[in-house]
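The values are calculated or read from the model by the stated rules, or taken from the named source; none is laboratory data. The structure displayed is predicted, hence computed values, not measured ones. Glycine also receives a Cβ, built like all others from the backbone with ideal geometry; neighbour counts cover every protein chain displayed. Note: accessible area is taken over every heavy atom of the protein model, side chains too, but ligands, DNA and RNA are not part of it. Shrake-Rupley method; radii C 1.70, N 1.55, O 1.52, S 1.80 Å.
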Amino acid sequence: MQIIAAIGAVAAAVAAASAARSGRAAARTAARQLPELQQQVEISAAQSKAAGEQVVLAQETLKAATAAVREAARARTDERAPLVVALFEAPRWPPLIDATRDRMPYGTEPRLLDHHAVAQAEAASPARLFARNEERTRLLWFQTRGVLINEGATTARVRLADEAQFVEANAAKRERLLRPGEVAPFEWGAGHTVAEWAVARERPDPPNPLGACFLTITVFDSFEQGIFDHIHVVMNGRPIVGVDGAFDEVRLASRESEADMAVTVFPTRRTYRSDGARRDPLPWDGTYAAWWRENGRRATELGVSGTGTPAANRATGGQSGHGT
């Protein structure tokens, strides 16, 4: 038994020695292969980085190509699109005051420029005083006229807001076709209550939207890959002044120059049907942002018409104009 045990011990020792020799050989082999493996890892990393750069380059190339195709398509669209410009007269002086209205028309109410509505208004007078909280709810509004000219190559469809209308007897009041070179006169009425105009004078900073009236004219064509143009207009000023330096009593400015009324037409904003629906900030958003943060914003300043319909300040098939 002892001999057998001894033989087993010798065999185990021989096996251990053999394993040790194999381990040392494997370690020496691994040591020789390690730099090669490290080099392969570095090569793989470099190849991965190059592939990533190629992907980025391909994406940038695709983006540039897509932009070029889009711009080329827009250029072709512009070549055949109508181009309508708007010109305005200064607001008529003196303004009108309507004792039957305490706000701008809404919904199905008679529009400002309706014949009977104009007849019931009277010219405002600087001699009339408005005490604080008395009769300041009356609507003080202005009329102005303008023309639309189609300087483009194709016929345009033009849509006016609720408080604007074409003046030609044979034309629809708020929507019509405008052929190349054609001129269409129109009129616009808008205003605020006496109280609101007074606040615009009394609290001018930050810029106060109670001294401004807003209009958007929508222009579009009949092409499937066509355009929508929006002409944004602001009529602003401060026609109501305080009496003796205070605002307990107010009156209409004595002179038109004192009221500082003006009409501003912003550069036309064009969108393309192919771009899909979107809503851009209105051009006056930044001007009155501070006031709206403090006092809130009304529908007439958000870009909705008098019927409560969203303004066409987006590519929506030209479904609505913008009113005050």
Practice problem: For residues that are assigned to a loop (DSSP other than H, G, I, E, B), under 23 Å from Ser222 (Cβ atoms) and open to solvent by 60 Å² or more (accessible area, probe 1.4 Å), tally how many sit in the stretch 269-289. | Solution: 2
Quiz item: So which residues in the stretch 134-172 are modelled with pLDDT of 90 or more, part of a loop (DSSP other than H, G, I, E, B) and open to solvent by less than 60 Å² (accessible area, probe 1.4 Å)?
Solution: Arg136, Arg138, Gly152, Thr154, Thr155, Leu160, Glu163, Val167
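Farther than 27 Å from Pro110 by Cα, acidic (Asp, Glu), assigned to a strand (DSSP E or B) and open to solvent by 20 Å² or more (accessible area, probe 1.4 Å): which single residue out of Asp229, Asp248 fits that description?
Details: Asp229 fails: open to solvent by 20 Å² or more (accessible area, probe 1.4 Å).
Result: Asp248 is the single residue among Asp229, Asp248 that is farther than 27 Å from Pro110 by Cα, acidic (Asp, Glu), assigned to a strand (DSSP E or B) and open to solvent by 20 Å² or more (accessible area, probe 1.4 Å).
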Quiz item: Can you tell me which residues in the stretch 196-211 are touching a residue at least 60 places away in the same chain (Cβ under 8 Å), open to solvent by 30 Å² or more (accessible area, probe 1.4 Å) and part of a helix (DSSP H, G or I)?
Solution: none
Quiz item: So, in the stretch 115-128, of the ones that are open to solvent by less than 90 Å² (accessible area, probe 1.4 Å) and either modelled with pLDDT under 90 or not in a loop (DSSP other than H, G, I, E, B) (or both), which residue ends up farthest from Ala164 (Cα to Cα)?
Solution: Ala123
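Here are some residues: Ala86, Ala131. Which one is at pLDDT 95 or above and open to solvent by less than 90 Å² (accessible area, probe 1.4 Å)? Break it down stepwise before answering.
Numbers: Ala131 fails: at pLDDT 95 or above.
Residue meeting the stated conditions: Ala86.
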Quiz item: What single numbered condition from (1) closer than 30 Å to Asn133 by Cβ; (2) at pLDDT 95 or above fails to hold for Glu258?
Solution: (2)
Quiz prompt | Among the residues listed as Glu224, Glu187, the single one being open to solvent by 50 Å² or more (accessible area, probe 1.4 Å) and either touching a strand residue (DSSP E or B) at 6+ places or on another chain (Cβ under 9 Å) or under 30 Å from Ala72 (Cβ atoms) (or both) | solution = Glu224
Self-check item: Every residue from the stretch 251-264 that is surrounded by fewer than 17 Cβ atoms within 10 Å (Cβ to Cβ) and under 30 Å from Asp280 (Cβ atoms)
Solution: Asp260, Ala262, Thr264
